[in-house]
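Trainee: The structure follows.
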Amino acid sequence: MQLFLDTTDVGVLKDLAATGLVDGVTTNPTLIAKSGRPMLEVIAEICDLVEGPVSAEVAATDVAGMLAEGEKLAAIASNVVVKVPLTRDGLIAVQEFAVQGIQTNVTLCFSAAQALLAAKAGASYISPFVGRLDDHGADGMELISEIRAIYDNFDFDTEILAASIRTPAHVTAAALAGSDCATIPPDVFAALFKHPLTEKGLSQFLADWAKTGQSIL
Ligand code: G3P
């Protein structure tokens with residue numbers, strides 16, 4: 001399972017990328033706005049920090065505009081993945097990007113039917129928004145399972161990128177549901193390492209080791 005960070009905070013990205021466990025990054029217009037930085041600049045910096053895929057989202061909603069913006073974003077670095085909203089025009093643009101060999105991440109997916117169309121359009125990734133469905137009383141993880149079943153039924157190459165992740169439990173559930181990837185807010189990613197019993201057990205090991213008076217080196 002590939003684990004991406006959902007962030008434009010390059011300081012936090014550098015810290016977590018140092019674990020060697022960050023496979024890529026996703027961004028969106030809200031995260032770009034939060035960065036307070038020019039989009040092309042922050043995407044270029046992120047692409048230098050990670051070797052894996054970096055999703056950069058178009059702002060246009062018409063086919064011609066998405067294609068023009070997407071081509072400009074793809075030219076930033078070889079690991080840019082052009083993020084496109086799951087709309088009629090978005091899926092038309094995805095088909096053209098596929099012809100051009102530009103990787104795409106189709107975002108704002110909230111139904112299995114939408115995901116089916118995205119795979120037929122040749123999307124590289126599909127981003128079902130788990131947390132936002134949960135926020136509306138639906139079962140976001142059920143959508144991941146449905147998409148997994150459909151994609152396996154027809155051997156689609158599109159990779160499922162579980163998005164709108166809110167908790168470590170979401171990451172585990174997405175992995176169990178067969179999602180290829182998850183994009184995770186930095187605070188949730190940092191929480192993945194932690195368990196109170198690990199911390200308690202380590203403290204006990206260290207206390208008992210200290211009693212031996214020994215040194216390994
Ligand atoms: O960036 C895509 C997605 O992960 C954002 O989800 O609900 O946290 O805005 P959300």
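Trainee: Where in the chain are the helices, taken as whole DSSP H runs, whose Cα atoms extend 20 angstrom or more along the long axis and whose Kyte-Doolittle mean reaches at least 0.0?
Mentor: 140-154
Trainee: In vacuum, with every alpha carbon of the stretch 140-217 counted as one equal point scatterer, what does the Debye formula give for log10 I(q)/I(0) at q = 0.12, 0.17, 0.20, 0.21 Å⁻¹? Two decimals, please.
Mentor: -0.52, -0.72, -0.85, -0.90
Trainee: Among 100, 210, 192, whose Cα sits farthest toward the positive end of the charge dipole of the stretch 2-212 (+1 at Cβ of Lys/Arg, -1 at Cβ of Asp/Glu, about the Cα centre)?
Mentor: Result: 210, furthest along the dipole toward the positive end.
Trainee: Here is a follow-up. What area, in nm² and to one decimal, does the C-alpha convex hull of the stretch 2-212 cast on average over all directions?
Mentor: 13.4 nm²
Trainee: Same structure, new question: To the nearest 20 debye, what charge dipole does the chain have about its Cα centre, counting +1 at the Cβ of each Lys and Arg and -1 at the Cβ of each Asp and Glu?
Mentor: 440 debye
Trainee: Straight-line reach from residue 211: which lysines have a Cα under 28 Å away, not including same-chain ones fewer than 8 places off?
Mentor: Of all the lysines, those that pass the test against residue 211 - Cα under 28 Å, at least 8 places apart if same chain - are 194, 200.
Trainee: Counting only heavy atoms of protein chains, what accessible area per residue, in Å², does the stretch 9-111 have with a probe of 1.4 Å?
Mentor: Each residue of the stretch 9-111 exposes 45 Å² on average to a 1.4 Å probe.
Trainee: Summing -39500 (n - 2.57) over the DSSP H runs of n ≥ 4 in the chain and dividing by its residue number, what mean residue ellipticity at 222 nm do you reach, to the nearest 500 deg cm²/dmol?
Mentor: When only DSSP H runs of four or more count, the value is -16000 deg cm²/dmol.
Trainee: Which net charge results for the neighbourhood of residue 69, defined as the other residues with beta-carbon distances under 15 angstrom from its beta-carbon, given Lys and Arg at +1 and Asp and Glu at -1?
Mentor: Net charge in that neighbourhood comes out at -3.
Trainee: Can you list the GluC sites (Glu not before Pro) in the stretch 2-56 that are in a DSSP coil and have 15 or fewer other beta carbons within 10 angstrom?
Mentor: Hits after loop and neighbour filter: 51.
Trainee: In whole Å, how far is the Cα centre of the stretch 118-173 from that of the stretch 178-217?
Mentor: Centre-to-centre (Cα) distance: 29 Å.
Trainee: Let me ask something else. Give, in whole angstrom and from largest to smallest, the semi-axes √(5λ) of the equivalent ellipsoid of the stretch 71-192, with λ running over the eigenvalues of the Cα gyration tensor.
Mentor: The equivalent ellipsoid of the stretch 71-192 has semi-axes of 24, 17, 12 Å.
Trainee: Further, regarding this structure: With a 10 Å radius around each residue's Cβ, average the other Cβ atoms per peptide and rank 206-212, 133-139, 96-102, 22-28, highest first.
Mentor: Averaged packing, sorted descending, gives the order 22-28, 96-102, 133-139, 206-212.
Trainee: Another question about this same structure. For the stretch 6-87, list log₁₀ I(q)/I(0) at each q in 0.17, 0.19, 0.23, 0.25 Å⁻¹, using the Debye formula over Cα point scatterers of equal strength and ignoring solvent, two decimals each.
Mentor: These q points yield log10 I(q)/I(0) values of -0.62, -0.77, -1.08, -1.24.
Trainee: Measure off, as a whole percent, the carbon and sulfur share of the 1.4 Å-probe accessible area of the chain, all protein chains present.
Mentor: Using a 1.4 Å probe with all protein chains present, the chain comes out at 57 percent carbon and sulfur.
The values are calculated or read from the model by the stated rules, or taken from the named source; none is laboratory data. None of these values were measured; they are calculated from a predicted model. In this analysis, Cβ positions are derived from the backbone assuming ideal geometry, glycine residues included, and neighbour counts consider all displayed protein chains. Ligands, DNA and RNA are excluded from the accessible area calculation, which covers all protein heavy atoms including side chains. Shrake-Rupley method; radii C 1.70, N 1.55, O 1.52, S 1.80 Å.
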